Amino acid sequence: MAVTSTMLALGTEAPDFSLRDTVSGATVSLSDYTDKTGVLVMFICNHCPYVKHVREELARLGTDYADSGLGIIAISSNDIDAYPADSPEAMKAEAEEFGYVFPYLFDESQAVAAAYTAMCTPDFFLFGPDKTLVYRGRLDESRPDSGIPVTGADLRAAIDAVLAGQAVPEDQLPSMGCSIKWKPGNTPAYFG
C-alpha cells in the first residue's frame with residue numbers, strides 16, 4: 001500500500017546525523033555539507049517499486065548537480081531483517097550498478113528517518129543554504145505503471161531555485177511510495 005510524505009513544516013532545521021556510506025565505508029555527516037548552497041536528503045531503498053521506477057533519474061540528479069553547489073545524500077532506513085534486499089551490501093551493489101555519485105547511507109537505528117519524519121520511499125527533503133527546509137515533496141508526477149515519463153521536474157525546479165538564490169514556491173505536492181519498513185517496536189508516533 002502506497003503512503004505519502006508527512007510534509008514536514010517548511011523552515012524546519014535539518015536534523016544532523018552521522019551514518020556510514022555503504023559504498024566508501026566512510027562516515028558521512030550533514031555537517032560535512034556546511035559549504036553547500038543546498039542539501040538534498042533522499043530516503044530511498046532498493047526493493048521498493050516506487051524507487052525502482054525513479055532510480056535512473058536519481059542517478060541523473062547526482063550527475064547533473066555534481067558540480068553545482070548542491071550536496072546530495074541518500075539514506076535507507078528499512079529493517080534489513082525483514083527486507084534483506086535493503087542490506088548495506090545490497091545498497092552498495094545498487095549504488096554501483098546505477099551510478100549513484102552521492103553517498104548511500106544506512107540508518108540502522110532508524111533514528112535519522114524518525115528525525116526527518118520520513119514516511120515513504122522515496123521521500124525528498126531539500127534544505128537551503130541556512131540548512132532549513134525549503135522543499136519536501138514529490139520528484140515529479142510519474143508513478144509506476146502510470147505511462148508518465150520520469151523527469152524529476154518538481155524536485156529539479158526546487159533545486160534550481162535554491163541554486164539561483166530564489167524562493168521555492170510553497171505549493172508542493174507530497175511524495176508517494178512504499179512505507180519505511182520499521183523494526184518491530186520502532187515505529188514513530190507520526191507514522192500512525
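Could you grab me the full set of residues in region 30-86 that are part of a loop (DSSP other than H, G, I, E, B) and among the hydrophobic types (A, V, I, L, M, F, W, C)? Those that are part of a loop (DSSP other than H, G, I, E, B) and among the hydrophobic types (A, V, I, L, M, F, W, C): ILE44, CYS45, CYS48, ALA66, ILE80, ALA82. Check whether at least one residue in region 49-61 is crowded, with 17+ Cβ neighbours inside 10 Å, among the hydroxyl-bearing types (Ser, Thr, Tyr) and more than 17 Å from ASP123 (Cα to Cα), and report yes or no. Checking region 49-61: not a single residue is crowded, with 17+ Cβ neighbours inside 10 Å, among the hydroxyl-bearing types (Ser, Thr, Tyr) and more than 17 Å from ASP123 (Cα to Cα). Of the residues making up region 79-107, those that are out of contact with any strand residue (DSSP E or B) (no Cβ under 8 Å at 6 or more places or on another chain), farther than 23 Å from TYR65 by Cβ and of a type outside the set (A, V, I, L, M) are ASP79, ASP81, TYR83, PRO84, SER87, GLU89.
Given MET91, MET7, MET1, which one is modelled with pLDDT under 95 and either farther than 12 Å from PRO122 by Cα or in contact with a Pro (Cβ under 6 Å, 6 or more places away or on another chain) (or both)? Just one listed residue meets the conditions, MET1.
Criterion first (within 24 Å of TYR83 (Cβ to Cβ) and of a type in the set (D, E, K, R)) does ASP140 satisfy it?
No.
Every condition in (1) surrounded by fewer than 16 Cβ atoms within 10 Å (Cβ to Cβ); (2) part of a loop (DSSP other than H, G, I, E, B) holds for GLU89 except the one numbered (2).
The values are calculated or read from the model by the stated rules, or taken from the named source; none is laboratory data. No experiment lies behind these values; they were computed from the predicted model shown. Every residue, glycine among them, receives a Cβ derived from its backbone with ideal geometry; neighbour counts consider all protein chains shown.
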